[in-house]
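Just so you know, all these numbers are worked out from the coordinates, no wet-lab data involved. On a predicted model such as this, the values are computed, not experimentally measured, just so you know. For neighbour counting, all protein chains shown are included, and Cβ atoms are generated from backbone atoms with ideal geometry for every residue, glycine included.
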Amino acid sequence: MSETKSRTGPGRVLIAVYAVFALAATARATVQILTRFDEAPLAYLLSAFAGVVYIVATVGIARTGETSHRVAAVACTVELLGVLIVGALSMVSPATFPDDTVWSRFGSGYLFIPLVLPVLGLLWLRHLARLGRRPVSPARPRPASETHAPNGARPGTR
Amino acid sequence: MVDGVTATIQIASLILAVWCLVSTFRDQPMVVPHLVGVAVLWLLTIGQAVVATVQMAGGERPAETATFISYLATIVLIPPACAVWGFWERSRWGPAVIAFACLILPVMTVRLEQLWDPALV
């Protein structure tokens, strides 16, 4: 089920891609901030932020459990919004971002992977959520008492 | 940095990527020949790193030394990392990870080359 599936099969490829991106974005931002922060503070801070979001998404997808996957879904959404907003801004006013970030021009400097990755991440997480909800073996008829228990057991009502 | 080595890494890496993609589509897990390919690629990247280190020790310095070294280190780490990934994932997705790694590697060597000699950009 979702507990074991997230780290196998296509999920493992996704984790590998995310891990590389997390590493690349964070390392690049670290070097930029340490060596020439004054040149483009906004762009470099944004790169650092993007790096952190990628790390959160990587860990969230790699870990098991619903909470981790929810965190990962939020991280993927932030990435998607980030790449769309920053991508659009960098086209409209290039002066705001004198140096490239991962998200500039919709991630064209990174083969548009930043644009595709969050979409794949969200699709994968949705797939996992569906797997988790679906019963493993072909529908077993449940006893009637079990299906109606939550409603019938309300106290104080007749 | 020796140009010939960079080109060899790029071609070898792309060939391995295509091969692994074929394996993925044919639903095969990682097998020993894949590992041999990864090992060859690893030796090439190690060779590149050794040459670059010797040249740097000899006084040649790329424009952004810190970035250059981190790229170089990452390139050397990629082949063993994807091999480990292939061992974990005993299905078609093992070669898929190796294919992805082998597509990143040429891109990173291009970047490395640009850092070493900005005139190439």
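Is the shape of the protein assembly as shown rounded, prolate or oblate, going by the alpha carbon gyration tensor and its root eigenvalues a ≥ b ≥ c, with a/c under 1.5 for rounded and a/b larger than b/c for prolate? It comes out oblate by the Cα gyration axes.
What is the average number of partner chain Cβ atoms found within 10 Å of a Cβ in A:22-30? Rounded to a whole number, the mean comes out at 2. Given +1 at the Cβ of Lys and Arg, -1 at the Cβ of Asp and Glu and no other charges, the dipole of the protein assembly as shown around its Cα centre is 1780 debye to the nearest 20. Positive end of the dipole of the protein assembly as shown (Cβ unit charges, origin at the Cα centre): among B:VAL32, B:PRO80, B:MET1, the Cα lying farthest that way belongs to B:VAL32. Which of rounded, prolate, oblate describes the range A:27-87, given a ≥ b ≥ c as roots of the alpha-carbon gyration tensor eigenvalues and a/c under 1.5 marking rounded, otherwise prolate only if a/b is larger than b/c? Oblate is the answer for the range A:27-87, as a/c is 1.5 or above yet b/c matches or exceeds a/b. Taken residue by residue and averaged, Cβ atoms of other chains lying within 10 Å of the Cβ of B:83-94 number 3. Charge dipole of the range A:2-135 (Cα centre as origin; +1 on each Lys and Arg Cβ, -1 on each Asp and Glu Cβ, all else neutral): 780 debye, rounded to the nearest 20. If you average the C-alpha positions of the range A:52-82 and of the range B:1-59 separately, how far apart do those two centres end up, in angstrom? If you average the Cα positions of each part, the centres end up 31 Å apart.
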